[in-house]
Amino acid sequence: MGQLPFVGRAKEIAAVRASLDHGGAVVAGPAGVGKTRLVSEIVDRLDLAQFTVHRAYGTHAAAGIPLGAFAALLPERALRAEGGAAVRLLVDELTAALVATDRRIVVAVDDAQLLDSASATVVDELVRRGEVAVLLTVRTDGEAAFDDTLTRLDLRPLPPDQTTELLERTLDGPVEQATADRIWHASDGNPLLVRELAAAGRAGGALQRRAGRWRWDGGLALSARLNDLVRSQMGGLSEAERGVLEMLSIGEPLSVPALAAGDLPRTLERRGLVRVAQDGQREQVWLAHPLYGETVRAELGTLRANRLRRELAEQVRAAGANRRGDVLRMAVWSLDSGEPAPAEVFAEAARQAYGASDLALAQRLARRALADRPGVEAVVTLAAAMLFDLQADHAERLLADLWPGLGPADRLALTLTRGFNLQVGLARPADALLLVTEAEPYATDPALVFQLGSLWFGAAYMTGDYPTAISTAEPLLAGAAEPGPAYALTSNAYADCLTGVGKPERALKVLTELERRAPQVSAEMPVGPSRQLIRIRAQLRLGQPATARRTAQAALDRWLDWDFGTIAFGAMAAAALRLTGAVAEMRTRFCGQHWRFCASRTHGRRTWRASPKPPMPPRC
């Protein structure tokens, strides 16, 4: 792919360029973030009639050679001098050129943290005299101390929009927004990693151009080159340091006490390999970059990885598994290592994974729970995860096979799940109402009565009869005691009905009230994404396409790993862009998602059962 295109960084260029009038700058940042490219871009833009530029490079090979970085600039007499005399001769030579040519002198040093002590003294002396401007790049994980009179610029990773621009210039073509978002998250906006991820995706076939747009399908796979690059960024590791990173690659975030590694987390934090942050009453540790975990796991043997998983699961179990997420983490470690755990642990973990939109993991955990001990809770989770994973037909087959062997109580408990799947996933509202009629004589608990009522409401909603749906929903919602998932889903759909009859302001108020009454439920799957889809529709109906676009992008970021979510929210973003007149951006970013959504969504009597990957249209 050649040299990386240069994108963005306008403010950074201006700051460093201005620093040349005040001695120069230190550009600091992690490997691959673009320090060298930024300085090169600035130097290349200088008017050579006014500036003379000298380049020097810190390297591991030259680190043990006095003045090795400046060898190409040394005057002949300095080659015969020793120690401080050679340093003075070189500094005098560089500053004398200022008088001889009447041009300003700029000395740019790359990887200054690798300079030998004599070369570092040259830099310090140039800065002290102030006659020559100095530009240094340093890695934040191996930083050396230089004169603090230099302007310091901490170079940050690229934001999402600039990452997308870099991708499109690297690939020479438009990139679907969901693909750009995925690569931004995986690279953390590091330009070098963006390029290598794109190269790895193309080589492995995951990143392909379809209908003129680049799209990533499938999981993240690291190429050998990308692995080597990440490994070099991580640098040399002691056995103890590698042990900490291995634990984190399996179980991040982990508390500092759980790592049992003394001061090593702090050491690794200073090297830029981990992040340490307060989470409640615990200090938690994360790997500093998403690809570090991929690289470390790739080098872990199966036996060692499973041993680490068992150790982590036992730690959580011994501590009581009473923190948010503990049950899910413990269950995943047990599942992946083949370690036994109670069926109820796997069932609860499946529910949590489903709420977090990890549908594939929810299905794995629910199947494990059912294999150990069949139970209604795991069936509910498995069927719901199948529905939103575009497998409604498989969910119905699962439930239909179980139905004859269930007693009235279990059938009642599963009626909402099966009825919802029939209505939403299979567009069979009449069959759903047959289940309701069968279950109503057994429903005495108010929560179950509400669930059955919500299916009557859903039948009208799914067929587009909004007035009937509204008249059914209002007394149902008014009489609800607990704002659980069924209440939240009914509120969402009720709000959509209000938008459908021309009352989008009321719809937005209903959604806001839902968030107030049930903040946790309204954020989880499936309530959270459906709430945002319905909010976007109301915003579009109100003539607020810019607000709808922002809502859609936030939802794409939140549910990036849910395939149908990227399709649905991409379609909403496309609609918003079209209403603002940004048709070119719509075609570039979201045309694929919009077309796939139109081919697979429920709208009136249409159904979601179409293939999640239909052939792409030639134009949007």
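The values are calculated or read from the model by the stated rules, or taken from the named source; none is laboratory data. Just so it is clear, the model here is predicted, and its values are computed rather than measured. Neighbour counts are summed over all protein chains in view; Cβ atoms, including those assigned to glycine, are modelled from backbone coordinates with ideal geometry. Surface accessibility is based on the protein's heavy atoms, side chains included, excluding ligands, DNA and RNA. Shrake-Rupley method; radii C 1.70, N 1.55, O 1.52, S 1.80 Å.
Tabulated data
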{"read-out": "Amide H partners (placed H, <5 Å) of VAL175, local residues excluded", "value": "TRP214"}
{"read-out": "Positive-pole candidate from LEU4, THR137, LEU300, dipole of the chain, charges at beta carbon", "value": "LEU4"}
{"read-out": "Accessible surface, the range 123-205, averaged per residue in Å² (probe 1.4 Å)", "value": "40 Å²"}
{"read-out": "For the chain, alpha-carbon Rg over 2.2 N^0.38 Å", "value": "1.19"}
{"read-out": "Charge-dipole axis of the chain as Lys and Arg at +1 and Asp and Glu at -1 on Cβ define it, positive-most pick from LEU207, ALA481, GLY464", "value": "GLY464"}
{"read-out": "Net dipole in debye of the chain [+1 Lys, Arg Cβ; -1 Asp, Glu Cβ; about Cα centre; nearest 20]", "value": "1700 debye"}
{"read-out": "Estimated [θ] at 222 nm from DSSP helical runs (n ≥ 4, -39500 (n - 2.57)) normalised by residues in the chain, nearest 500", "value": "-18500 deg cm²/dmol"}
{"read-out": "Other-chain or far-sequence residues with amide H under 5 Å of LEU67's (modelled H)", "value": "ALA118, SER119"}
{"read-out": "Full-stretch length increase - ARG550, GLU339 - with 0.36 nm per residue and alpha-carbon distance subtracted", "value": "71.6 nm"}
{"read-out": "Where only alpha carbons of the range 242-315 are counted, the Rg and the Dmax (Å)", "value": "11.7, 34"}
{"read-out": "Three-way shape call for the range 251-290 based on the alpha-carbon gyration tensor, with the a/c threshold at 1.5", "value": "oblate"}
{"read-out": "In sequence order, calculated HN-Hα J values of the range 268-277 (Karplus, 6.51, -1.76, 1.60; Hz; x Gly/Pro)", "value": "5, 5, 5, 7, x, 9, 9, 10, 10, 8"}
{"read-out": "Residue-span extension gain [THR512 to GLU440] - 0.36 nm each, minus C-alpha spacing", "value": "22.8 nm"}
{"read-out": "Mean projection area, nm², convex hull over Cα of the range 219-356", "value": "8.9 nm²"}
{"read-out": "Whole-Hz ³J(HN,Hα) from phi, Karplus 6.51 cos²θ - 1.76 cosθ + 1.60, for the range 36-49, glycine and proline x", "value": "4, 5, 5, 5, 4, 4, 5, 5, 5, 8, 6, 6, 5, 6"}
{"read-out": "3J(HN,Hα) from dihedral phi, the range 519-529, Karplus parametrisation 6.51/-1.76/1.60, rounded to Hz, x for glycine, proline", "value": "x, 6, 4, 6, 9, 8, 6, x, 5, x, x"}
{"read-out": "Positive-end residue, the chain charge dipole about Cα centroid, Cβ charges, pick of ASN322, LEU48, LEU259", "value": "LEU48"}
{"read-out": "Tail fraction, Cα-Cα pairs, the range 448-537, threshold 23 Å, whole percent", "value": "11 percent"}
